[in-house]
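Remarks on the structure that follows.
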Amino acid sequence: MGAGVVWAEVTEAAAGHGLAGLGGTAADVGVVGYTLGGGLSWFARSHGLAANHVTAATVVIGDGRVLRVDAEHEPELFWAIRGGGGSFGVITELEFGLFPVSQVYAGAMYWPLERAEAVLTRWRDWTATVPDTVTSLGRLLRFPPVEEIPEPFRGRGLVAVEAVAQLGPSQADDLLAPLRELAPEMDTFAPTPVTDLHLLHLDPPGPTPAAGDGFQLTGLPDGALAALLEVAGPGRDAPLLTLEARHLGGALAPGASEGGAVSSLDAAFAVFSAGITPDAGAFGAVNATLDALAAAMTPWRAATSYRNFTERRAEGLAFEPAHVLGRLQEVKKTYDPLDIIRANHPVRPIGS
């Protein structure tokens, strides 16, 4: 695919052949940026990061040369662009593997926000029992009272569990039983074509002014869950539309997959939070809450963060171990020593 393509286009084209790519939750996300940062899809626990499955790219580097990059041609640059971010060149073409998946068992369960502690505790315990064919997240939601929001959600606070299972309905229903014991107010789980997965996460259908940020956790024990709810749980005036924790592990675990610069996420959960920011006051309030949440979760923070969930600058933030960063800096020095190409999370040439 070429530059500028969004996941909706790839999903629709691949589905015509009974195939699926490793796209994220939103259909309007650009494929290249998402993949350069790693790419955390609904199939992540079974297939790993999207970056692992890139097979080739056409890259314009800092001096204007156009390079064909794959495992045999410019292998160090090929390694770097698979998860190392966008500091190494402009990608004009990207090739990646697709998978024979056309339908999954997917959906969400919703409860009133007041039940957040019980629901998230049950979900956390449940994640320890699921196979790698299941990817899920626990989520706090606060919907504004605007007409664009569907009636069941408008103006409400909810706690949700979303999941995609590459299982048959009977197997999936058995697996979901512990969550259903909590009597969700809404339960949308059903056989779902991959072309409809973008509807699951309730992402806005168009551009929305927002601020967000994320981090990774080594675990979500009772203390961590209590700290999270102290900032953004029931009874708190948190200006966040969403706060979610995604279950990692499986093919995302260190050593489970081979790929490029970032082929795993060394954490148990990836957290991302965001709020709507129509004006400067809202922007300040959302960022203050993001700061409070990050501070509260410090004892359980993983050593590295996930590029695509990190939307604010932070000094000393690590996305990969030191030896990987050093290798990325060497690649940067080789292909863009003058630092012409700059990404939102920059990698500087070694020695600069």
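Remarks
- Pairs of Cα atoms nearer than 8 Å and 6+ residues apart set the relative contact order; for the chain it is 21 percent.
- For region 1-135, the relative contact order comes to 28 percent (Cα pairs under 8 Å, sequence separation of at least 6).
- Relative protection proxy for 322-333, 100-111, from highest mean packing down: 100-111, 322-333 (other beta-carbon atoms within 10 angstrom).
- Sum of side-chain charges, A238 neighbourhood, beta-carbon under 11 Å (Lys, Arg +1; Asp, Glu -1): 0
- Note on E95 and H73: with the Förster distance fixed at 22 Å, the Cβ-Cβ geometry gives a FRET efficiency of about 0.95.
- Net lengthening on full extension, S170/V66 (0.36 nm per residue, minus Cα-Cα): 32.3 nm
- Length gained on full extension, E9 to R180: 58.1 nm, using 0.36 nm per residue less the C-alpha separation.
- Packing rank of 237-250, 180-193, 270-283, where each peptide gets the mean count of other beta carbons within 10 Å, highest leading: 237-250, 270-283, 180-193
- Taking a Cβ cut-off of under 9 Å around E76, the surrounding Lys, Arg, Asp and Glu residues balance to a net charge of -1, with basic ones at +1 and acidic ones at -1.
- Local electrostatic count at D339 - Lys and Arg +1, Asp and Glu -1, tallied over other residues with Cβ under 11 Å: +3
- In region 233-303, Cα pairs under 8 Å separated by at least six residues give a relative contact order of 33 percent.
- Å³ per residue enclosed by the Cα convex hull of the chain: 136
- Computed over region 1-103, Cα set: Rg, Dmax in Å: 13.3, 45
- Rolling a 1.4 angstrom probe over region 108-176 with all protein chains present gives an accessible area of which 53% lies on carbon and sulfur atoms.
- Here is how the number arises for the chain: DSSP H runs of 4 or more residues each give -39500 (n - 2.57), the sum is divided by the residue count, and the result at 222 nm is -7500 deg cm²/dmol.
- Averaged over residues, the count of other Cβ atoms within 10 Å places the peptides 28-41, 254-267 in the sequence 28-41, 254-267, highest first.
The values are calculated or read from the model by the stated rules, or taken from the named source; none is laboratory data. Everything numeric in this text was worked out from a predicted model, so none of it was measured. Neighbour counts are summed over all protein chains in view; Cβ atoms, including those assigned to glycine, are modelled from backbone coordinates with ideal geometry. These accessible areas exclude ligands, DNA and RNA; they are computed on the full protein's heavy atoms, side chains included. Shrake-Rupley method; radii C 1.70, N 1.55, O 1.52, S 1.80 Å.
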